[in-house]
Amino acid sequence: MSYRWKRLAVGSLLGAVALWPLAHHAAVRLWHLDPWRFFGWAMYAAPTPYIELHFVERVEGQFRVLQLPQELRAQAAAYANARVRWGELYPPHALARAIARHRPQADGLAIVVRRYVLDRATSRFRYEDRQYSYRLAGGDAIPIPTVGPPQAPG
């Protein structure tokens, strides 16, 4: 390898290392990725992410909070761990389909992902909710696009 190619390789590597913290910080803020993952330095400026999952089902027009049965709790915990890591890039569609297969009497489902974040203005924790709504039919969950604050499914 010639000196010119070595110099180009080293310069490219140094440039990538210098720019990665900026790219990682932007990805964490945009998609809510885990700042402690993906070789980023944002972990030194952010607390460990924490999320909660809340479920609301609709059965014959009546809404009620759904307590997951034991066989779905492990799947929900696995989703929560993946959601912390991948943020907005990992919606709960597979979890909704599993709930739909387990709850054939339900015709609507809302999964609310509550993410606790540090408010930079007040230095206190607050939460942000992201709702995913589904129409349930025949053991399948069809996503319903939602915009705005969480609402009842349907």
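Rundown of residues vs (1) crowded, with 19+ Cβ neighbours inside 10 Å; (2) touching a Phe, Trp or Tyr at 6+ places or on another chain (Cβ under 7 Å); (3) more than 17 Å from residue 116 (Cβ to Cβ), yes/no style:
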{"position": "25", "(1), (2), (3)": "no, no, yes"}
{"position": "28", "(1), (2), (3)": "yes, no, no"}
{"position": "35", "(1), (2), (3)": "yes, no, no"}
{"position": "56", "(1), (2), (3)": "yes, yes, yes"}
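Determine which single condition residue 119 fails, assuming it passes every other condition in (1) surrounded by 12 or more Cβ atoms within 10 Å (Cβ to Cβ); (2) of a type in the set (Asp, Glu); (3) more than 18 Å from the chain's Cα centre (by Cα); (4) closer than 17 Å to residue 50 by Cβ.
Every condition holds for residue 119 apart from (1).
Give the residue that is surrounded by the most Cβ atoms within 10 Å (Cβ to Cβ), with candidates limited to residues of the stretch 66-96 that are charged (D, E, K, R) and within 19 Å of the chain's Cα centre (by Cα).
83
Does the stretch 94-108 hold any residues that are part of a helix (DSSP H, G or I) and not charged (D, E, K, R), and which are they?
94, 95, 96, 98, 99, 100, 102
Of the residues that sit in the stretch 62-85 and are in contact (Cβ under 8 Å) with a residue 40 or more places away in the chain and out of contact with any helix residue (DSSP H, G or I) (no Cβ under 8 Å at 6 or more places or on another chain), which one is nearest to residue 129 (Cα to Cα)?
This residue is 84.
Have a look at 42, 18 and point out the one that is of a type outside the set (Asp, Glu) and modelled with pLDDT under 85.
Residue meeting the stated conditions: 42.
Name every residue in the stretch 97-111 that is surrounded by fewer than 18 Cβ atoms within 10 Å (Cβ to Cβ) and closer than 19 Å to residue 82 by Cβ, in order of residue number.
Result: 97, single match.
Restricting attention to the stretch 96-144, which residues are out of contact with any strand residue (DSSP E or B) (no Cβ under 7 Å at 6 or more places or on another chain) and of a type outside the set (D, E, K, R)?
Matches in the stretch 96-144: 98, 102, 104, 121, 122, 123, 137, 138, 139.
The values are calculated or read from the model by the stated rules, or taken from the named source; none is laboratory data. This structure is a prediction, so every number in the text was calculated from the model and none was measured. Cβ atoms come from the backbone with ideal geometry, glycine included; neighbour counts cover every protein chain shown.
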